[in-house]
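The values are calculated or read from the model by the stated rules, or taken from the named source; none is laboratory data. Note that the structure is a prediction, hence the values are computed from the model and not measured. Here the Cβ is made from the backbone with ideal geometry for all residues, glycine too, and neighbour counts use every protein chain on show.
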Amino acid sequence: MKRYFTIPVAILACAAVMTSCGGDDDRPVKKDFTVTVTSEGNGSVETSPAEANEGEVVILTANPNEGYVFSSWVVTSGNVELEKVTDNPAAFSMPAGNVAVQAKFIKVRIFKDAVYHEGVGAWIAPQEDPYTLENFQQAYANLSANDLTRSSEFSVIKNLTATHYAIKIFPKNEDEQWEIELTEDVEVSYIPFTYIGLTEKEAEKIEPTSRASEMPVFPESNPYVVTDNEIEQTVDSIPAEENISQVMPILYAVWPVNKPLPEHIEYEKDYDVFLPFDDGQTRSTTALSENSLRLLENEAIRLALGYVSPSVMPAVTRAETVLRGEFNTWDALTALRIPVPRIKVKFHLGSNIVETDADENGNFSINAGTIPADASWEVIFQSPKWKVTRENTTIPKNFFQGNVYQQDFWSNPATEVQPSVQLTDATIINALNYYYYQPHHLSRWDVPGGIRVIAHNDSNSGYNGLFTYTSGNSCYITIFRNNTVNRNVLAGTVLHELGHFIQFKERGGYSNMKSVDKLLQESFASYVGWYLTGEYYKDMGYYNTDEDDISGQGRQTWRKTRTGAIGYYSPLFVDLVDSYNQASYLGSTFNNDDVKNLHYSVIMKIAKESADWESCKSILRAESGLTSQELDAFLEPYEYWYKN
Ligand SMILES: [Zn+2]
């Protein structure tokens, strides 16, 4: 809580005191408006002052009772928007009208061994897996032994048998990893089933331990490391790294007992699992009714989470609850909330995993009839077309929990100037979605299982993006955290790397891509970044002009003089299409470019067929429709660059 005492609040508070003491006498002065602050329960509240004039600073303070922590403020009336509803104390400027605010408190849970996991970007706490067969058998015995059930079914002992196996899979390479992830009926987690990612709210309730800043020691790690010595990188800004190594993750899978195990992939059977429901449908083979299965599940979760069983079991009331939400992100350029569609949403409590996909508008709903309130959400950035992972890990991020409707999961315009990792991911996802799903002129290529995109946390690397491809013709994209303040430039970077991907696929992979002149590679990628980012924003109703290249990819300041030239990142292909003449805007040291509206198929032909400057020029001579005089004038600055 201490972190909420920010310096600006303290300064404002002093100013307010000075003002109120500045009166001519000591009589209390009647102020114009009132501040009413109430508690929802489990804590007390204060406001200072309780009456205020317009513009005066008001400070709200919440004091939780033992065993509770402050959760948030809710403005119940008045024209006030708190900068951060979770701040305590919270300060606001008094509007011209009365204000009423209520404080909410939540119960403290103590996760003794919770640790912050850098790779996951979340707090992780160990817990028992409630869904082990053994735990369910114990729950069944408990319910049968005492007369706590409402069902005669429990008066007869039935045998519970496994519905699934919890297995650990050790993929040797990405192909094996993808094969498992894409196997039907098999749910995969990257966190051991005995660990659970805590939500942000839960993390606030953690009692700090000495281990808080350590990496959690997961029980084991995959011995397999993928190293490719024949790797080739198209690095945007710095020289290529020599070798890339990647530790393969362990996949924790819930495997149906009646499905043949993956014999050609290394795995280890951990324990038997009993899963009574599948997305609300009964899936166990017992003859127990749905009500009894829910009763059983309640008891099993209680046992595993260490809750004390009540002397009388409560009625089963958690029937069908549908959690709904919408993923969106804030785009500063358009000042719009942009949906983040087609994300896989995963619920995970022990080995019980329920998944759903956000639709094309970013909406999702999930049947949470059996999901306890203490469990957490995870989001997996995955679709058949692509998969966004975090740096050096494929562990999904911890997410959000609760009954939320049209909740803004992702962003807050007030904090937009400091984008979070989540926001970065959302923009990356939207740019990828645009390439794969929205109408445009470029070829759409797939990689079986989807192209891997690494959202890299490093912002000091000096580069923005990487396209990596190997002699085995596999490839992936890395996006660094530079330029993430400007979502448009970030989208431009993602689409630039996809430009390399398009050329790589057009040319049939590694050997033909490797031979392509760098200027042609980067100019084509810059064209794709420029063109697709423009289309992406046009879709949102934002039209950028040629002189205002929102993508950062047009490279229009590329000079014909050596001074200030930015090397390979030339506007060669953009210049053939756009109607921007650098010389008329920027002066005579820039390219004088009167060429415009070249058909994109000519650019694609060059990208696909020409590997060097001479063959590029031949295609332009044959296909551009320009006279040789026009073409020579257009190419002059590029010729100059080549000669110098
Ligand atoms: Zn590039």
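Please verify whether the range 501-520 includes one or more residues that are without any contact (Cβ under 8 Å) to a residue 40 or more places away in the chain, within 15 Å of the ligand (Cβ to nearest atom) and not assigned by TED's automatic domain parsing to the domain that holds ILE603. Taking every residue of the range 501-520 in turn, at least one turns out to be without any contact (Cβ under 8 Å) to a residue 40 or more places away in the chain, within 15 Å of the ligand (Cβ to nearest atom) and not assigned by TED's automatic domain parsing to the domain that holds ILE603.
Flag not set for LYS596, criterion: surrounded by 14 or more Cβ atoms within 10 Å (Cβ to Cβ), among the basic types (Lys, Arg) and free of Cβ contacts under 8 Å to residues at least 40 places away in the same chain. Scanning the range 581-600 for residues that are modelled with pLDDT of 90 or more and either within 9 Å of GLN556 (Cβ to Cβ) or not hydroxyl-bearing (Ser, Thr, Tyr) (or both) returns VAL595, LYS596, ASN597, LEU598, HIS599.
Take the residues of the range 476-488 that are closer than 24 Å to HIS440 by Cα and buried (at least 22 other Cβ atoms within 10 Å of the Cβ): which is farthest from the ligand (Cβ to nearest atom)? If we take residues in the range 476-488 being closer than 24 Å to HIS440 by Cα and buried (at least 22 other Cβ atoms within 10 Å of the Cβ), then ARG487 is farthest from the ligand (Cβ to nearest atom). The residues in the range 554-580 that are charged (D, E, K, R), at pLDDT 80 or above and either within 14 Å of the ligand (Cβ to nearest atom) or not in a loop (DSSP other than H, G, I, E, B) (or both) can be counted, and the count is 2.
Residue pairs whose Cβ atoms lie under 6 Å apart, separated by 6 or more positions or on different chains, with the first residue in the range 563-581 and closer than 11 Å to LYS596 by Cβ and the second surrounded by fewer than 20 Cβ atoms within 10 Å (Cβ to Cβ) and modelled with pLDDT under 90, are ASP578/ASP546; SER579/ASP546; TYR580/ASP546; TYR580/GLU547. THR199 - would you say it is modelled with pLDDT of 60 or more, under 30 Å from GLU66 (Cα atoms) and assigned by TED's automatic domain parsing to the domain that holds LEU293? When the stated conditions are applied, THR199 passes them.
Scanning the range 54-78 for residues that are more than 16 Å from GLY43 (Cβ to Cβ) and of a type in the set (Ser, Thr, Tyr) gives THR76, SER77. If only residues of the range 521-553 that are part of a helix (DSSP H, G or I), of a type in the set (Gly, Ala, Ser) and within 15 Å of the ligand (Cβ to nearest atom) are counted, the one that is nearest to GLN438 (Cα to Cα) is GLY529. The single condition among (1) within 22 Å of CYS616 (Cα to Cα); (2) at pLDDT 95 or above that TYR510 does not meet is (2).
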